[in-house]
Amino acid sequence: MSKKEELLKVAENKVRQGGYNNFSFREIANEVGIKSASVHYHFPTKADLGAELAHQYTNAFLAALGDVDDIKARGENPIDVYTQIFKGALLTDDKMCLCGLLGAQNESLPEKVQVEVKRFFDKNLTWLNAAHTANGEANPAHAAITTVSLLEGAMMISKALNDHSYFTLATQ
């Protein structure tokens with residue numbers, strides 16, 4: 001793993017545990033074992049790091065989902081696949097969705113981070129719209145926003161109450 005990748009990984013963990021303001025360049029530099037000036041070599045500003053983090057998170061999330069038609073061809077429900085990614089993040093990693101957490105802080109984020117968080121939700125809604133269309137949903141756009149809202153909200157409630165059974169209950 002390159003130093004840049006290590007920095008992104010450490011920053012992602014910090015953001016997913018406490019939000020955008022939960023890290024400084026000095027903290028992530030110490031965890032990676034470099035000087036904070038070296039962080040600036042890879043990311044001139046915290047906004048640059050935050051934007052890259054949200055961009056990569058979105059790409060990895062979409063790659064993990066895969067293609068709706070391929071999922072249907074395997075005889076699986078794409079909405080179940082989508083839900084499992086959220087479930088894994090919460091139940092296995094005990095973490096929030098990075099962009100869901102950042103989205104809640106949107107007004108206090110730098111513009112370039114806001115753009116990437118918006119990209120996450122735009123791409124997710126597009127994917128979910130296709131998934132609900134493939135499932136024969138009468139109003140796929142409504143179903144898409146309902147799905148992502150339910151999952152992000154269920155994560156938040158489960159974390160706030162420190163009880164992941166709420167996520168399981170909401171997604172049955």
Failed criterion for I79 (all others in (1) part of a helix (DSSP H, G or I); (2) open to solvent by 40 Å² or more (accessible area, probe 1.4 Å) hold): (2)
Is it fair to say A64 is open to solvent by 60 Å² or more (accessible area, probe 1.4 Å), at pLDDT 95 or above, touching a helix residue (DSSP H, G or I) at 6+ places or on another chain (Cβ under 7 Å) and of a type in the set (G, A, S)? yes
Is one or more of the residues making up the range 17-29 open to solvent by 20 Å² or more (accessible area, probe 1.4 Å), of a type in the set (D, E, K, R), assigned to a helix (DSSP H, G or I) and in contact (Cβ under 8 Å) with a residue 60 or more places away in the chain? no
Which residues, taken from the range 84-108, are surrounded by fewer than 18 Cβ atoms within 10 Å (Cβ to Cβ) and not in a loop (DSSP other than H, G, I, E, B)? Q84, I85, G88, L91, T92, G103, A104, N106, E107, S108
Quick check, is D163 part of a loop (DSSP other than H, G, I, E, B), farther than 15 Å from V15 by Cα and charged (D, E, K, R)? yes
Being farther than 17 Å from T92 by Cβ, free of Cβ contacts under 8 Å to residues at least 40 places away in the same chain and not β-branched (V, I, T) is the filter here; which residues of the range 149-169 pass it? S149, L150, G153, A160, L161, L169
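The values are calculated or read from the model by the stated rules, or taken from the named source; none is laboratory data. Only a predicted model underlies this, so the values are computations on that prediction, with no experimental measurement involved. Methodologically, a virtual Cβ is constructed for each residue, glycine included, from the backbone with ideal geometry; neighbour enumeration extends over all protein chains shown. The accessibility values were calculated without ligands, DNA or RNA, using every heavy atom of the protein model including side chains. Shrake-Rupley method; radii C 1.70, N 1.55, O 1.52, S 1.80 Å.
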